[in-house]
Amino acid sequence: MKTTVFANPQFLYLLALLPVIIAFHIWKSKKVNVSVKLSSLSPFNNLGRPVRWYLREFLFALRLIVLSLLIIVLARPQSANEWEQVNSEGIDIVMCMDASGSMQAMDFTPNRLEASKKVASAFISGRQGDRFSIVVFSGESFTQCPLTNDRATVLNLMSEIKFGMIEDGTAIGMGLASSVNRLKDSQAKSKVVILLTDGVNNRGMISPLTAADIAFQNNIRVYTIGVGTIGTAPMPVNTVFGTRTQDVQVEIDEDVLQKIAEKTGGNYFRATDNDKLVQIYSEIDKLEKTILDVQKFSKRKEEYFLWLLIAAITLLIEIFLRAVFVKTTP
């Protein structure tokens, strides 16, 4: 952004003298007028002021302009190009998403997985300066997206998570271990895993609490989210008559999820519907703030020469007109 500033702005106060000079000029002009007594002024009624009077006033105005320009030159006008440099102390965050078959339950709209993907995507879009990774788990776990600050890539890969990507089951420990593996070599000052699941660990060679111990040893904070309503939830089930909706019992191992969060310095949340899930991510967003250091820079260029040039040209015009048209005799 380009702006105009003055290196010596105190000289601009001299502009306040201009009204005083004008008042003095008017007072002096009246004082030097010569009075002549005449029997009648009627012969002079149609006479206006002489051209030389107007020219003399015009030359006075030119002198005022020159004086004003010289005051501005003394104030040293400068053009300043200003910009900001933003240094961010970002956070490395792994979105650890459960994609097991139970995430098809329709107690969320349209189902748990799609609702979770939508809210997580909004969370990612709103975080500036952070790097994200995506780990998906069901019966096993894998990295859907490595750590990157390319939000478009992260969001695109988030949208591609679907049921049946890997064998069914709920390997919470494996999902958390894979997430820790993504972060253990990170140089970020803050490393976070957001683990979202709707079930009980029933697969994998690593238990959830063992994975939590590894996270703690690597200074990784884990926020756990249990997704599912209280009681039963409608679930699409394949039968010999086609897909039917049946109510199934919601089973979330909240005790394990709470212990994971407590062990690593995070928090456990329970989401029972879409709105509650949005609130949870909003709360995590407040807890994990990215530090932004904004530095302002400016580059200045002297601009007084143009004002000085205009003042010099105006002064030369004034001197020329005075010498040629306003000749005075002693």
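Residues in segment 231-241 that are in contact (Cβ under 8 Å) with a residue 60 or more places away in the chain and among the aliphatic types (A, V, I, L, M): A233, M235. Just checking, does segment 243-253 include any residue being in the same structural domain as L277 (by TED's automatic domain parsing), touching a Lys or Arg at 6+ places or on another chain (Cβ under 8 Å) and within 28 Å of N181 (Cα to Cα)? Yes, segment 243-253 contains a residue that is in the same structural domain as L277 (by TED's automatic domain parsing), touching a Lys or Arg at 6+ places or on another chain (Cβ under 8 Å) and within 28 Å of N181 (Cα to Cα). Looking across segment 1-38 at every residue that is farther than 25 Å from E302 by Cβ and not in a helix (DSSP H, G or I), the one that is modelled with the highest pLDDT is identified as V32. Selection of segment 141-153 for residues being buried (at least 18 other Cβ atoms within 10 Å of the Cβ) and either among the hydrophobic types (A, V, I, L, M, F, W, C) or touching an Asp or Glu at 6+ places or on another chain (Cβ under 8 Å) (or both) yields Q144, C145, L147.
Of the residues making up segment 115-135, those that are surrounded by fewer than 17 Cβ atoms within 10 Å (Cβ to Cβ) and either outside any loop (DSSP other than H, G, I, E, B) or free of Cβ contacts under 8 Å to residues at least 40 places away in the same chain (or both) are A122, S125. Going through (1) crowded, with 21+ Cβ neighbours inside 10 Å; (2) of a type outside the set (D, E); (3) free of Cβ contacts under 8 Å to residues at least 60 places away in the same chain one by one, N156 falls short only on (1).
Listed here are the residues, each with its yes/no results for (1) in contact with a Gly (Cβ under 9 Å, 6 or more places away or on another chain); (2) on the phi > 0 side of the Ramachandran plot; (3) at pLDDT 95 or above.
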site	(1), (2), (3)
T224	yes, no, yes
G242	no, yes, no
I252	yes, no, yes
Y268	yes, no, yes
L287	yes, no, no
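Pairing residues of segment 165-193 that are under 15 Å from S102 (Cβ atoms) with residues that are in a helix (DSSP H, G or I), at Cβ distances under 6 Å and at least 6 apart in sequence or on separate chains, gives D168/G101; I172/P208. When restricted to residues that are hydrophobic (A, V, I, L, M, F, W, C) and surrounded by fewer than 23 Cβ atoms within 10 Å (Cβ to Cβ), segment 165-182 contains 2. Here D198 clears all of (1) closer than 20 Å to S138 by Cβ; (2) among the acidic types (D, E); (3) loosely packed, with under 14 Cβ neighbours inside 10 Å except the condition numbered (3).
The set of residues in segment 149-169 that are over 13 Å from S125 (Cβ atoms) and either among the small types (G, A, S) or not assigned by TED's automatic domain parsing to the domain that holds V135 (or both) comprises G164, G169.
Let's see how each residue does on (1) charged (D, E, K, R); (2) more than 29 Å from the chain's Cα centre (by Cα):
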residue	(1), (2)
E160	yes, no
S178	no, yes
I206	no, yes
D213	yes, yes
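Scanning segment 242-276 for residues that are touching a residue at least 12 places away in the same chain (Cβ under 8 Å), over 23 Å from K286 (Cβ atoms) and not β-branched (V, I, T) returns Q246, D247, Q249, E251, D253, K259. Taken residue by residue, segment 62-79 has no member that is part of a loop (DSSP other than H, G, I, E, B) and either modelled with pLDDT of 95 or more or in the same structural domain as R270 (by TED's automatic domain parsing) (or both).
On the basis of being surrounded by 17 or more Cβ atoms within 10 Å (Cβ to Cβ) and in the same structural domain as R203 (by TED's automatic domain parsing), does S102 make the cut? Here the answer is yes, as S102 does meet what is asked. Within the option set D198, D130, being under 20 Å from R270 (Cα atoms) and acidic (D, E) holds for one residue only, D198.
The values are calculated or read from the model by the stated rules, or taken from the named source; none is laboratory data. The structure presented is a predicted model; accordingly, all values stated were derived computationally and were not measured. Glycine also receives a Cβ, built like all others from the backbone with ideal geometry; neighbour counts cover every protein chain displayed.
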